[in-house]
Each structure stands twice: as structure tokens, then as C-alpha cells.
Amino acid sequence: MLQQIKEVLANAELQQQVKEATHLTDAINLIVAAGAEKGYNFTTEAVSQALAELASVEPDELSDKDLLAVSGGLPRVTEAWSCYKCPNSVDNC
């Protein structure tokens, strides 16, 4: 269910509405309603628990995308990388 809630929370408009909610219960109700629009049947208790789990993640923990990037599973294309691969110097890219 956590993945489904993350999917619902990927909506930028919903994110803004949740940020603007004055109470946690209002934010939870917004998420429950948005989930229902996608066909999910979230309860307020389940969303509350999922948000608590998301909040308990250590801030210094790497995301899945960050882990892939540092492990070599996700290429990080930068200007320096591009210039390293081409015969031109950095100034000529």
C-alpha cells in the first residue's frame, strides 16, 4: 500500500494541496480522496500509518535513485563527463 500512496503523492497538485492543509487530518483526507479517484481504497488509518513510516525514514538515507547512481546502475551525465568522452577540451564543448 505504501507504493500506491507514493504513486498518489507523485501528483504535483495534490502535493501542493497537502502542503497547504492546516491539519494532518485534512492532508490525510486529501490523500484518501485522491486515492479513491485512482481506484484505491485507502483508510485514514492506513494513510496515517504510511505517512508515519515515510516520516521515520532517516534524512541521511539515500533514495533508490541515489543508490543506483552511486552504485553505477544509473549513469550520471554531466558536462565534464561529456567532454571527457569527446576529443574537445572542456572549454570547447
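The values are calculated or read from the model by the stated rules, or taken from the named source; none is laboratory data. Keep in mind the model is a prediction, meaning the values are calculated, not measured. With ideal geometry, Cβ positions are generated from the backbone for all residues, glycine too; neighbour counts draw on all protein chains shown.
Below is a table of values for the structure above.
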| quantity | calculated |
| --- | --- |
| Test: residue 85 is under 19 Å from the mean Cα position of the chain (by Cα) and modelled with pLDDT under 90 | no |
| Pick from region 29-43, criterion surrounded by 13 or more Cβ atoms within 10 Å (Cβ to Cβ) and among the β-branched types (Val, Ile, Thr), ranking: nearest to residue 54 (Cα to Cα) | 31 |
| In region 1-28, residue modelled with the lowest pLDDT [restricted to those that are under 13 Å from residue 50 (Cα atoms) and surrounded by 14 or more Cβ atoms within 10 Å (Cβ to Cβ)] | 1 |
